[in-house]
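Colleague: Could you have a look at this structure, given as structure tokens, before my questions?
The values are calculated or read from the model by the stated rules, or taken from the named source; none is laboratory data. Nothing here was measured: the structure is a model prediction, and the numbers come from that model. Every residue, glycine as well, gets a Cβ built from its backbone with ideal geometry; the counts of neighbours run over all protein chains shown.
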Amino acid sequence: MTVWHRLCLAVAVIVVPVAASASSKGGGGAERPAAPAVATQKRVLQPPSGVVERIDGFRLSISQVSFPGVPERSSCRLLVRAFNGGTRSVGLLLPVYTFNGAKEPLNSWLIPTAEVSPGQATERIYSCKMAHYMKLDLSAANGWPSVCMVGGEEQSPCPVILNFEANLDLIEK
């Protein structure tokens, strides 16, 4: 090993740990408050009580993902995944609202899943503002449980049992 290679190796051993500790501090920029570490919240939401033939196996997962960095370069994404473990194709809309730590409104969403065939999944990604809380609007006339698509036909009320999960705290009312 030449003297030049030894010098480069010594510099790399010193520089890499210093650079890693500087980047973990956000490059010296102002720190943003992170969303609280919340275990995935899960709910099984039933269709209206008058529905006799309920359809099970449909799951909707919403995850907020933060890409760290200085405030002008950091980003937030809302990743929505729909999985159909049932036996009939299902498509629905779900109105969702997100709130900051003081429970002030941030964003509102009308999330479509498209029609997902049995055994299939679909995924969408949206830009967002960092939220701490999420609320589902279950009273919307154009969303689940009021209406949905099952087997290519619109059904009202929607017979789909919705297995919902999110990585934000859910506001129940």
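Colleague: E165 - would you say it is within 13 Å of the chain's Cα centre (by Cα), farther than 15 Å from S89 by Cα and surrounded by fewer than 17 Cβ atoms within 10 Å (Cβ to Cβ)?
Modeller: yes
Colleague: Also, I was wondering about something else. Those residues that are in a loop (DSSP other than H, G, I, E, B), within 18 Å of the chain's Cα centre (by Cα) and among the aliphatic types (A, V, I, L, M), I need them from the stretch 98-137; list them, please.
Modeller: A114, M130, A131
Colleague: Would you pick out the residues in the stretch 93-121 that are aliphatic (A, V, I, L, M), surrounded by fewer than 16 Cβ atoms within 10 Å (Cβ to Cβ) and in contact with a Gly (Cβ under 8 Å, 6 or more places away or on another chain)?
Modeller: L110, A114
Colleague: Something else about it: Name the single residue that is farthest from the chain's Cα centre (by Cα) among those in the stretch 70-85 being modelled with pLDDT of 95 or more and either small (G, A, S) or within 19 Å of G151 (Cβ to Cβ) (or both).
Modeller: G85
Colleague: Turning to a different aspect of this structure: Here are some residues: M130, M134. Which one is hydrophobic (A, V, I, L, M, F, W, C) and under 21 Å from Q46 (Cβ atoms)?
Modeller: M134
Colleague: Among the residues of the stretch 138-162, which ones are surrounded by 15 or more Cβ atoms within 10 Å (Cβ to Cβ), part of a strand (DSSP E or B) and not β-branched (V, I, T)? Write out each step before concluding.
Modeller: Taking the stretch 138-162 first, the residues surrounded by 15 or more Cβ atoms within 10 Å (Cβ to Cβ) are 140, 143-150, 155, 157-162.
From what's left, part of a strand (DSSP E or B): 148-150, 155, 160-162.
Result: C148, M149, Q155, L162.
Colleague: If you don't mind, there's one more thing I want to ask. Can you pull out the residues in the stretch 101-149 that are in contact (Cβ under 8 Å) with a residue 40 or more places away in the chain, of a type outside the set (G, A, S) and either farther than 22 Å from G91 by Cβ or touching a helix residue (DSSP H, G or I) at 6+ places or on another chain (Cβ under 8 Å) (or both)?
Modeller: Hits for the stretch 101-149 are K103, C128, K129, M130, H132.
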